1. Treat every Asp and Glu Cβ in the chain as -1 and every Lys and Arg Cβ as +1, leave all other atoms uncharged, and give the resulting dipole magnitude about the Cα centre to the nearest 20 debye.
2. Taking the Cα atoms of segment 28-100, what is the range of coordinates along each of the three principal axes, in descending order and whole Å?
3. By accessible area of protein heavy atoms, probe 1.4 Å, what ranking do TYR348, TYR126 get, highest first?
4. Over segment 271-355, what percent of the accessible surface lies on carbon and sulfur atoms, probe 1.4 Å?
5. So with the 1.4 Å probe, I'd like the accessible area per residue for the chain, rounded to whole Å².
6. Could you order TRP98, TRP413, TRP436 so the one with the most accessible surface comes first? Probe is 1.4 Å.
7. Using only Cα atoms and rounding to the nearest 10 degrees, what angle (0 to 90) does helix 319-352 make with the longest principal axis of the chain?
8. Given a 1.4 angstrom probe, I'd like the percentage of the accessible area of segment 138-225 that is carbon and sulfur, rounded to a whole number.
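The values are calculated or read from the model by the stated rules, or taken from the named source; none is laboratory data. Small disclaimer: the values here were computed from a predicted structure and weren't measured. Using ideal geometry, Cβ is built from the backbone for each residue, glycine included, and neighbour counts are taken over all protein chains shown. These area figures cover heavy atoms from the full protein model, side chains too; ligands, DNA and RNA do not enter into them. Shrake-Rupley method; radii C 1.70, N 1.55, O 1.52, S 1.80 Å.
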Amino acid sequence: MSENSNKPTMDKGAAVRDGFSSKFGIIAAAAGSAIGLGNIWKFPYITGQNGGAAFIIIYLICIALIGAPVMLSEFLIGRRAQRNAVGSFKKLAPGTPWFLTGWMGIAAAFMILSFYGVVAGWTIHYVILSVTNAFSSWVEGESVEVFVGLISGADGKWWLPVLYQVLFMILTSAIVLGGVKDGIEKYSKILMPLLLVLIIALDIRAITLPGAGAGVEFLFKPDFSKIINNPASVLDALGHAFFSLSLGMGTMITYGSYIGKKENLGVTSIQVTIADTVIALLAGLAIFPAVFAYGIDPAGGPGLVFMTLPAVFAQMPLGALFAVMFFGLLTVAALTSSVSILEVVVAYFKEELNMTRTKATIIAGSVITAFGAVCSLSYSDISFFNKAIFPTFEFVLEDGTWTFLQQHNFFDWFDKISANFLLPLGGLFIIIFVAWKMKKEDVKDEVSNSGALKVGYFVVFEVLAKYVAPIGIILVFLHSIGVLRLISWALGNK
Ligand code: PHE
């Protein structure tokens, strides 16, 4: 295939490539990608499941030692190549199979956005519920019933979650359609600061609730026995660092290709990493004091946000207002992330398959929306969707016997294959590519803007990228395919 050479692009005129126009726009767009359902929906519930503060400390270590160097690696690949996730590898390592890393990223993007849009769709439903002040009249237990009713399509309303998912995908596509400067950057610049303001307002409300102290303590007072007794927590923390920072599928390669040659990639990586982490912590601070103040189980699982917070809002002064703010914020955060996922595919279609942005967006958006609808329906009572497609069983070893755990639906499959398999593997290849395949002079040249910037941290980056991060990612990977669980079982730990 020879589309490696000078590609006939659809861009008019000379080699003008769309890109971010300002420093703040870069940070807002990249941080907007990282900050999403991962921070506000997933981080609190897995922190709750893993016992709180000690888990957060391990998570922070993973972010610093693995997340930050992988992010810098993605940025520098993208900016050096000036291409999408696939084209970047073709350009930097022509004639090698490295571009398959990009293909894996495209596959991950399709899968992640399919189920991501479903969860984001649920949040839209909750925005509407809070606008109509529905929570205030709920009796105990009703929030669980309402959530389960929504996702399972109770009362013949199987189409409702699908409708929300489609709506969310239309919003995502509309922003991506606008292109980099006029679409992604413009919206992120408005939405991201708004998000920060909303979440701080929620924090203030939450920590001033009577009985909030226990929640704050849960978040900030570590009990390491919880981690020592459950070694898998460490790997959970590492895996979530990956998902939360949008790493491993070429999102930051694609965004890196839009970053100007004068920007400082190292500093940008650190700023995005810090912004993502701060938002996750602020989200935890908004949720846990309230969870504890109202005696809700912090280990309540993936339903934590949707099932318990409406109950909390219902019992709160000005609850309706805070509910609108919270679910509005969650939708906004999901939107700036979903845009970055779709952009990975659109940039690939546009540059490698020579489509216009419009055509690429419509094709990618429609296919993902269709897959998303199947993901959504796999929670419904319609047996064709919830049983017929990929019925799988998971068996876990409990007290010496294998026990049937659950039947995975389409949604679970997409979630598991992408987040637990494709992302860690993609991230591993990306960091190995930078640390072991690219020439050190080229890496240094890109990071230092051809010597214009002092990069005293380069030695640290090198050690992290060559050794620490790959080994860490391999551990996440082994964990996610269950190898470590097998080993630990074989060693008699379980
Ligand atoms: N980081 C996003 C979140 O936390 C999800 C995401 C994953 C986005 C992978 C892009 C790529 O919600």
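1. 1640
2. If we take the Cα atoms of segment 28-100, the spans are 48, 22, 19 Å.
3. TYR348, TYR126
4. So the carbon and sulfur contribution to the accessible surface is 72 percent.
5. Each residue of the chain exposes 41 Å² on average to a 1.4 Å probe.
6. Ranked list, largest accessible area first: TRP436, TRP413, TRP98.
7. Rounded to the nearest ten degrees, it is 30.
8. Carbon and sulfur: 69 percent of the exposed surface of segment 138-225.
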